[in-house]
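Engineer: One structure, as structure tokens, below. Some questions next.
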Amino acid sequence: MSIINEINEAMQKGKAKQVKQLIPQALEEGIPAQQILNEGLLDAMSVVGEKFKNNEVFVPEVLVAARAMNAGTALLKPYLSSEGGESKGKACIGTVEGDLHDIGKNLVRMMLEGKGLEVIDLGVDVTAEKFLEAVQNEGVQLVCCSALLTTTMPNMSKVIDALKAAGVRDSVKVMVGGAPVTPEFAESIGADAYTPDAASAANKAVELLAG
Ligand code: B1M
């Protein structure tokens, strides 16, 4: 079995320790970090997601897979985040109120940092007020909201409303994303940008801050 398949299998089984052992080996073999992320970790998480949808696995299994995923992405971070240097701007990122999914959000943060942005990670279940505080108190220029549930997606709109009510909407850019989010939804709530994945989010962030 190839090492990528071994990572994929360990990931699906939620074996974080094994994932952490295999990733450095794969890197040593010269496999690019992006390939390990896509084929080893993200593909495995899609399989877990499909099984979850079909009631073949349940929350505990998904949770251990998520832990393995976060452990794996942490190891890949130095290889994915390459640009560094002087800060290109300040962003905050969080998963919106009511939503505890953080894997995608963490990947987006990692890619933004890789593009040289300073990023304040507000975590999960972040209220509109917390996003607003980051803008008012931390000098944030870009607000990034992630949502994975159709039920929490509308809370992105609350973030924009809070920025408007406080009179700071025009001084920041707002980006939204996450599996259920669409470009139409982003436009309907008045976000500045929607991107479908972490890499395009990072490119868009640089573009928005430069503009
Ligand atoms: Co949940 N869950 N979950 N879950 N979970 C989904 C999202 C679901 C689609 C599964 C399913 O039914 N097939 C479903 C949502 C259905 C819906 O709303 N339509 C669901 C559900 C129902 C639930 C619970 C309600 C289950 C329950 O309790 N009965 C519950 C809700 C808890 C809560 O949030 N309040 C729940 C709980 C959990 C766990 C805690 C067990 C765990 C999360 C652990 C964690 O994150 N630390 C979990 C997981 C892991 C999933 C699945 C399996 C995987 C999500 C994931 O991490 N994907 C998911 C099924 C699936 O997606 N196939 C599912 C990998 C990740 C890299 O992708 O987050 O999409 P994603 O991020 C991508 C892009 O979307 C984008 O870039 C990322 C990388 O390229 N992106 C952005 C994300 N944010 C962005 C922001 C941007 C730009 C791009 O700009 C700012």
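No lab work stands behind these numbers, since they all come straight from the coordinates. For clarity, every value in this text was computed on a predicted model and none was experimentally measured. Cβ sites come from the backbone with ideal geometry, for glycine too, and all protein chains shown count toward neighbours.
Engineer: Between the helical axis of 155-165 and the dominant principal axis of the chain, each derived from Cα atoms, what acute angle in degrees is found, rounded to the nearest 10?
Structural biologist: 30
Engineer: Let me test this: with uniform point scatterers at the alpha carbons of the range 116-211, what is the Debye-based log₁₀ I(q)/I(0) at q = 0.18, 0.24 1/Å?
Structural biologist: For the range 116-211 at q = 0.18, 0.24 Å⁻¹, log10 I(q)/I(0) is -0.78, -1.49.
Engineer: List every residue whose amide H lies under 5 Å from the amide H of Val124, counting only residues 5 or more places away in sequence or on a different chain, with H placed 1.01 Å from N in the peptide plane.
Structural biologist: Result for Val124 returns Thr95.
Engineer: Okay, moving on. If you average over every viewing direction, what projected area does the convex hull of the Cα atoms of the range 1-53 give, in nm²?
Structural biologist: 3.3
Engineer: Give, in nm to one decimal, the length gained when the segment between Ser46 and Glu118 is fully stretched (0.36 nm per residue of separation minus the Cα-Cα distance).
Structural biologist: So the extension gain works out to 23.0 nm.
Engineer: Putting +1 on Lys and Arg Cβ atoms and -1 on Asp and Glu Cβ atoms, find which of Asn70, Val47, Cys92 reaches farthest to the positive end of the dipole of the chain.
Structural biologist: Comparing the listed Cα positions along the dipole, Asn70 ranks first.
Engineer: So what's the angle, to the nearest 10 degrees on a 0 to 90 scale, between helix 43-53 and the longest Cα principal axis of the chain?
Structural biologist: 80
Engineer: Relative to the longest principal axis of the chain, what angle (0 to 90°, nearest 10) does the C-alpha long axis of helix 103-114 take?
Structural biologist: Once rounded, the angle reads 70 degrees.
Engineer: Next question. Just tell me which lysines come within less than 21 Å, Cα to Cα, of Lys204; anything on the same chain fewer than 8 places away is out.
Structural biologist: Lys77, Lys88, Lys90, Lys105, Lys115, Lys173
Engineer: Could you compute how fast the chain diffuses translationally, taking Rh as the Kirkwood radius over C-alpha pairs and applying Stokes-Einstein at 37 °C with viscosity 0.692 mPa s? Give it in µm² per second.
Structural biologist: D, rounded to a whole number, is 186 µm²/s.
Engineer: Could you give P(r) for the range 1-95, binned at 5 Å from zero, as whole percent values over all Cα-Cα pairs?
Structural biologist: Computed distribution, short to long bins: 3, 13, 23, 20, 15, 11, 9, 4, 1, 0.
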